[in-house]
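Here the structure comes first, spelled out in structure tokens, and everything after it is commentary.
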Amino acid sequence: MDAVTASPNIGRSIPRLEANDKVTGRIEYIHHLRLPGMLYGKIFRSNVPHARIKSVDVSAAEAVEGVFQVVTIDDIRKVIPHPYYGPAFHDQPILADGKVRFAGEPVAVVLATDKRIAEQAAALIVAEYEDLPGVFDEVDAMTSQTLVHDELKPAATFPDLQHLKGRKGTNIALDYHLVRGDVEEGFAKADHVFEHVFRTQQVMHTPMEPFVSVADAQDGSVTLHTASQGPSFVRIEIARLLGLPENRVRVRVPHLGGGFGGKLYIKLEALVTALSMVARRPVKIALTMEEQFFMVTRHPCTFTIKSGVNKDGRIIARHCEVVWNGGAYADIGPRVTQKAGFTSAGPYDIENVLIDSYAVYTNRPPCGALRGFGAPQTAWAYECHTDMIAEALGLDKIEFRRMNILREGRPQASGTPMVDAAVEQAMDHTLDLMNWKLPFDRGSGKIRRGRGVAIGFKGITAPTTSVAIVNLYGDGSCALYIGTVDMGQGSDTVMAQIAAEVLNIDPAAIKIIHPDTDVTPYDMGTLGSRSTYHMGTAVRLAAEDAKAKIAALAAELGLPEGTNAPLAELLRRKYGMQAGNIIGTGSFIPDYQKPDTKTGQTIKGTPFWGVGASGAEVEVDTETGHFTITKLVNVADVGTAINPKMVLQQLSGAAIMQLGFTTTENMVFRDGQLTNGSLADYKIPNLLDMPREFINDYTQSRQKDGPFGAKGAGESTTIALSPAIGNAIADAIGLFLPDLPITPESIFRALQDANGTPLAGE
Amino acid sequence: MTSFDLVEPETLEDAFKWLGVDDSSVRPFGGGTALMLMMKAQLFTPVRLVSLRKLGRQFEGIERSSNDGSFRIGAMTTFSQLEHSPEIRAHLPVITQTMKTLANVRVRNVATVGGNLAHGDPHLDLPPVWMALDASATIVNSSGTRTIPVGDIFSGYYETTLEQGDLIAELRVPVRPGWRSRYIKVTTRAEHDWPALGIGLSLHAEGRVIKDLRIVLSAAIDKPTRLIGAENVLRGKEIDDALLKRAGEAAADETHIETDNRGSAPYKKHLLRVHIARAVSALVTE
């Protein structure tokens, strides 16, 4: 255990503050909210992937008793003249505007007094389309003459995306480049050059609580009650759309039933705001589980990786070309392209690196952030590639990694030094937990066993700001005003532990004031493993500010320095009764240097490094391809674990999620149509799919500039898991599979191909 | 979901009255688990639903005949009742075995034997098992009663031979001395997925010689179907690897398997070959 765990509140697995209210069904979710006079909206969606809209006939729907109105973009334009939104590009219309760009895109909304009536009426809307050719594959989209957007509209909201322009006349929304050394020269000097192509599939966040938002627009102001991970961004973007100052837009967020990056930026919020303005009534839209497939998903990607390696096993050059399938609207895809782009050469110390990373538009449902910002897709490629090289050169796979691993203080490909990044430690701890040095049973007959290890890392979105307020009341009790959204990860509890540590009070007695932009200060968003580090620091600063003010008050009252008089007593003395407040504020933005737009070089591109290592043991039935993960180990560097139990829950949750993305989950498209858009046919893992042995742990390490040595933990175990399983399968059957998901059929086909008896196609 | 009438008749006469209209949006239901999914997905919009839960004795209970030991199982028997019946466990253990991987506890507590058959979904686990067990169904309607083999209920993908006003009242399941049975649920994605293929297998063997058998395939085809060709390869023979291989080939040849998200047709045919051979071999040597 870390030295700091000796303190009363840090390193303690106190129960979640909200646990009791959750299990007794008392916690607030937006799904339960009903406002007086509220209308329910049901979305009518396009059934074609790319088309011009010839007509939308809403007459039958409007004739249904109980229908208030059917709304199309024409109605919305009357209240919002430029109805386009998005965090990176203002490319997404609030409802389809003349054209549809994916099958499932919202075209119209029925507003009714009852949600069942709205649903029934929506089925009566008839749209006529003039089909356009579609482009669905990311590699095709790079060169296709079919353009998803005729015009690219950069948003320039975030500092890390201000250079976005897009490439006119193409589907490329962003191209990101990183240049270190001279990669061509490196390849020329190398003894061996390896090139492989890897692909990942489109998958979905599947939060238990589907998207839900309620808007209540008044003249010149609007209140949003929404299941959002980023209330501050929602306020800024809605204010921009409506031409209002920020203080006229109020965004409230209670608890969330999961988010995983899906509920970031604008999702239903612009639509319900527009509908409420049109109807002049509060409006609620709650998606079904099935509709979530059309909201936001994870980027499929095609990654061509080429490495030059010396005969002694040193990697001296690497070229990564990563093409990200962003779907019809950019959402935050450009940041995925950039964030995952800059670490896509892996946690290795390579002299010559060239990274070309492209976000492209296609006629698929939009893709955005999903637990790892693209890092899991890139690690799938670079870590399978690592094993393939070691295999080809006859090198030990662990020693090959060790020979090339990025060590503390060495510059990563971007030039930013690796600081407080326990990559090798995480790998070593994984190997220990795998009993790597013990003999391994490789199976016999039709059953083959194998094991594999992978490591990975990610940069953190930068620069981003968190602001916190600590409010101590007249009786000395404490509330914490923060914009961090507790969506199940346990941030309320961790933030309370940090404040409690500074103020020397009981964390369980602290009240967390949930995001309400009228009350809570700015936070960039609950995303990308940033809250514990960023908001945690802001909370620490706010608590220290409050503590300093208490000391000043004591001095003002003539008490000796270091007095232990309770705050309630101090305030009573000052105001003559139980009254007054002590308000501490804290604001945090980490150091950052904008990368050079041509070379991607920066000395400070990330505030900290997310680090994960995974190991897997598998058993493959070579006669059917069926496989079982008999053991899965995941180790993350989280710095100090402020609440160890919740950290382990985060690590295991992230691992199970990525396990689904590795083996069972796949959005299957035919001609741009999703063919498995329900949980009956899109399979997330359940208890029966858990590995027989499932171990999650963290390294004993410390993020020196994090709050009490802590950093984020939400994504780390998603990074290296897929390639650990892929490498274990390869170890078992002697063949590498380049595409996710790994399925019994993909294994069986690979085996048959290798035997020279390929299985027929479909 | 829009509003509809729900009626709970207490006599067959009343049930037939409520159902006796030429309107496919008037449906009977048992547990309603499958129907609710279709209604939520707007695939089915009922005008009237007729619950069979108050129809009484003829539709309820698990009883063994004192003559031949066969079972009479009321159509409204829930899967949980089957799962926890000591009699079923003792004499039809394959049913108890199948329940472990069939849906989940909440569904098994509600879903009924009759509704499961009338639904006509080819992916369901129990129909191939009933067929392998030589079960028959008694069907009642306003003009009388008829008893047919369970396999004759199915006519295609979600299609049955049941007419408007027909109600499955009960199942008759023989207990065949010397027979052993097994259900093989083959999933290709999550463990708990619908099967890519389901195989109901029942056989009577002496040593390694198969005297008689039933092989029923579901999920990979449009309706649960006996694989007569594969049965003929094996019937009366002593099994060995070559014979099992021929049986697998016969099974693959006599079925029309479609590609879907659970696997390509060639892959599922391969799985059929492998799992028939494995299951027959395992049952014979059990």
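Table for the structure above
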quantity	calculated
Mean-position separation - Cα centroids, segment B:132-162 and segment A:191-267, in angstrom	52
By average C-beta atoms within 10 angstrom, highest first, the peptides A:96-108, B:127-139	B:127-139, A:96-108
Rel. contact order, % - alpha carbon contacts under 8 angstrom, at least six apart, segment A:443-555	33
Per-selection Kirkwood Rh - chain B (Cα, Å, 1 d.p.)	19.6
Per-residue mean of C-beta atoms belonging to partner chains within 10 Å, peptide B:255-263	3
Sequence ranges A:593-604, B:187-198, ranked by mean other-Cβ count within 10 angstrom, highest first	B:187-198, A:593-604
Neighbourhood net charge (9 Å Cβ-Cβ; Lys/Arg +1, Asp/Glu -1) for B:P46	+1
Shape metrics for segment B:179-284, restricted to C-alpha atoms - Rg then Dmax, Å	13.1, 40
Rounded to 10°, Cα long-axis angle of helix B:241-254 versus longest principal axis of chain B	40
Ranked order, B:E63, B:E231 - accessible area, probe 1.4 Å, largest first	B:E63, B:E231
Test item: B:184-196 mean partner chain Cβ contacts at 10 Å	6
Order of exposure, largest accessible area first, which applies to B:E83, A:E556 with probe 1.4 Å	A:E556, B:E83
Heavy-atom accessible surface of the protein assembly as shown: percent carbon and sulfur, 1.4 Å	51
Over chain A: helical MRE at 222 nm, DSSP H runs n ≥ 4 each giving -39500 (n - 2.57), nearest 500	-8000 deg cm²/dmol
Residue among A:V485, A:Y575, A:T464 farthest towards the positive dipole end of segment A:464-588, charges placed on Cβ	A:Y575
The protein assembly as shown: equivalent-ellipsoid semi-axes (sqrt of 5 x gyration tensor eigenvalues, Cα, Å)	51, 38, 30
Between segment A:447-520 and segment B:256-286, the alpha-carbon center distance in angstrom	51
Kirkwood hydrodynamic radius over Cα pairs of segment A:333-447, then Stokes diffusion coefficient at 10 °C and 1.306 mPa s, in µm²/s	96
Fraction of antiparallel bridges per DSSP, segment A:141-253 only, in percent to nearest 5	60
Inverse of mean 1/r across different Cα pairs in segment B:7-122, Kirkwood, Å	15.4
Tilt relative to chain B, helix B:265-284 - C-alpha long axis, 0 to 90 degrees, to 10	80
Euclidean distance of C-alpha centroids, segment A:624-689 and segment A:21-87, integer Å	32
Gaussian network model of chain B, Cα within-10 Å springs - most flexible of B:S51, B:S181, B:S202	B:S51
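The values are calculated or read from the model by the stated rules, or taken from the named source; none is laboratory data. Here the structure is a predicted model, which is why all the values come from computation and not from measurement. As a convention, Cβ positions derive from the backbone with ideal geometry for all residues, glycine included, and neighbour counts pool all protein chains shown. Note: areas computed on protein heavy atoms with side chains; ligands, DNA, RNA excluded. Shrake-Rupley method; radii C 1.70, N 1.55, O 1.52, S 1.80 Å.
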